[in-house]
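Okay, so here's the structure we're looking at.
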Amino acid sequence: MRRSQPAPGSVWAPTPSRVELVLGGERLALEAAGGGWWAPSSADSERVASALAAGERYGYVLDGEGPFPDPRSRRQPDGVHELSAGFDPSRHAWGDDGWAGRELAGSVVYELHLGTFTPEGTLDAAAARLPYLAELGVAFVEPLPVNAFNGPYNWGYDGVLWYAVQEQYGGPEAYQRFVDAAHAAGIGVIQDVVYNHLGPSGNYLPQFGPYMLSGAATGWGDAVNLDGPGSDEVRAFILGNARMWLEDYRVDGLRLDAVHAFQDHRALTLLEELEDLAEEVGRETGRRKVLVAESDLNDPRLVNPRRAGGYGLGGQWDDDVHHALHVALTGESDGYYEDFADPDALAKVILGGFYHDGSYSSFRGRHHGRPLDPDLVHPSQLVVCTQNHDQVGNRAVGDRPTAALGWDAKAVEAVLALATPFTPMLFMGQEYGATTPWQFFTSHPEPELAEATAKGRLSEFERMGWDPDQVPDPQDPATRERSMLDWSEAETHDGARLLALYRRLIEVRAELPGLWSGRLDETEVLAGGGNGSGEHGSGDGGPRWITWRRPGAIVCVGFGPGPVDVPLPEGFAGAAAVATDPACAVVSTGSGDAVRLPGLAAVVLSA
């Protein structure tokens, strides 16, 4: 699979008939090298390589137009419209030689956005917080995309130069320092990457070649050419980028954004090639590498092993679990949450991972999904959450749903987030009950694009009945400022005790590995009175609770009102490992032992 790296100064540009390299104050004519590639002449190659290794600025003039930045640029010191700068990743003196990687199974993932995680909004500032995350028990951090985008701040999903690390975050050297610091803290790094579309400003790839698929689009722009004419080199471009993260930056995995938007009809899919690459790099380096895909297809093929006709990925996001937990906790049942108001929804996802496993989806107006096979899929391959950047940031005002809930509800959320059989992912600040919103923000400097972005966001939520005055302007700097974490919240009374609960729950996952280490079909679920609606009341006044049993562990959750006695298995001989309320207790009833929940509360028991 390994392809030789392009020679310094070379570029794939089959579209123009003449290509020149701008290097410092010179223009050097490049020579056609076959297959749409252009390269410096033999007389210039050594000088070009030396200049780029030293960080010289450069770009390409295509048929007299430009200069444009290098599609494989490693640095954009002056922004995505300006010249690229050379960067030599081998210069970093790594301190992680003893690092062998981490397993996804048994781990807790922590999703963060570098620009709002700390007041400074940089990689170095985030690195300073890694000991805090290590003490919490986090095994992987998952930064949102860091590739170069236009403007000083953005979610990261408008990236246009996939090989470059955004300068406002600190650039490529800072990224290497961040990964080194993570490994020193015992934390792996899963980098979020976007291979399904490019941002609206600074995408010069079509000037070079057929990077985009003519006449095809995703919900965010033109589709990437994965299977049309010229797509061999486009796929090589993507695979080279993945290799860069895994090798040059030593990340431990990649989160692949919205793979359902890939338009790829080849017999050997890009997903399979990416998994082959990750396994190859893992063998070569002796370090575990994992790929986790985001997909809304509920298609087991993503994580099924290759021997069973799957793509063999290490994991996938599971939104169905989020939706069921969200409805149970908050009572919201609008839009795509409607189906998850089903009283059996929470039990179904805990048992089988997917709610839509061939069932009718009212949001889509059709049947959706396919069941997971417990002989093929391990529960840890499903990455689940109660909050993430999408489910918070894509709300009209970017509010965390739990921000309006009391401490008891947030404590129950912690148990729901961490005690299912799956791999839990926390969204930054969740562990101390952050009330700061995380709103959709951009900083497009082009007036017409800024206006279009703001109007598009406004019209989207006006159609849903929102007051336009309540929808934040994504271009207003205050929108991003409101989205910054307020770390002082972790030091309040409620914030500190919630943080202690999250820390204890992560410890319990290690003490009771049966919570996550067994098969998918080793879960037993018993529910009473529906799946609940959090602090909003039951509707019928009856108790609502759910309990699930895993090898060596039992989880009981009450959604109120209470108290309620949740029956325990006959012959139960265990104890509470953690409880959200001191009034939770194991009691004897006329029909056997039970857990008494005072209302909105939860307990994890050893069994």
So Arg255 fits all but one of (1) buried (at least 20 other Cβ atoms within 10 Å of the Cβ); (2) basic (Lys, Arg); (3) part of a loop (DSSP other than H, G, I, E, B); what number is the exception?
(3)
Kindly establish whether Gly64 is at positive phi and out of contact with any strand residue (DSSP E or B) (no Cβ under 7 Å at 6 or more places or on another chain).
yes
Please tell me if Glu103 is buried (at least 23 other Cβ atoms within 10 Å of the Cβ) and closer than 23 Å to Ala510 by Cα.
no
Considering only helices (runs of 4 or more DSSP H) fully contained in segment 467-529, which possess at least 1 residues that are under 12 Å from Gly433 (Cβ atoms), open to solvent by 70 Å² or more (accessible area, probe 1.4 Å) and without any contact (Cβ under 8 Å) to a residue 40 or more places away in the chain?
493-511
Selected residue (criterion: farthest from Arg497 (Cα to Cα)) from residues of segment 564-607 that are among the acidic types (Asp, Glu) and over 35 Å from the mean Cα position of the chain (by Cα)
Glu570
Regarding segment 553-562, can at least one residue be identified that is farther than 20 Å from Val412 by Cβ, without any contact (Cβ under 8 Å) to a residue 60 or more places away in the chain and either touching a Gly at 6+ places or on another chain (Cβ under 8 Å) or not hydrophobic (A, V, I, L, M, F, W, C) (or both)?
no
Segment 439-466, subset part of a loop (DSSP other than H, G, I, E, B) and at pLDDT below 80, residue nearest to Ala403 (Cα to Cα)
Trp466
Would you be able to say whether some residue in segment 71-83 is in contact (Cβ under 8 Å) with a residue 24 or more places away in the chain, small (Gly, Ala, Ser) and open to solvent by 30 Å² or more (accessible area, probe 1.4 Å)?
no
Could you say which residue among Glu535, Glu522 is among the acidic types (Asp, Glu) and at pLDDT below 85?
Glu535
From Pro131, Pro143, Pro152, Pro172, which residue is surrounded by fewer than 20 Cβ atoms within 10 Å (Cβ to Cβ), under 30 Å from Glu446 (Cβ atoms) and in contact (Cβ under 8 Å) with a residue 24 or more places away in the chain?
Pro152
Inside segment 553-586, can you point out the residues that are open to solvent by 30 Å² or more (accessible area, probe 1.4 Å) and modelled with pLDDT of 90 or more?
Pro563, Asp565, Pro567, Ala575, Ala576, Ala579, Asp581, Pro582, Ala583, Ala585, Val586
Out of (1) within 23 Å of the chain's Cα centre (by Cα); (2) closer than 20 Å to Leu526 by Cα; (3) open to solvent by 20 Å² or more (accessible area, probe 1.4 Å); (4) among the small types (Gly, Ala, Ser), the one Gly353 does not meet is (3)
Of all residues in segment 84-100 being within 30 Å of Gly9 (Cβ to Cβ) and not hydrophobic (A, V, I, L, M, F, W, C), the one that is most open to solvent (accessible area, probe 1.4 Å)
Arg91
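The values are calculated or read from the model by the stated rules, or taken from the named source; none is laboratory data. Just so it is clear, the structure is predicted and the values come from calculations on it, not from any experiment. Quick reminder, even Gly has a Cβ in these numbers, built from the backbone with ideal geometry, and neighbours come from all protein chains shown. These area figures cover heavy atoms from the full protein model, side chains too; ligands, DNA and RNA do not enter into them. Shrake-Rupley method; radii C 1.70, N 1.55, O 1.52, S 1.80 Å.
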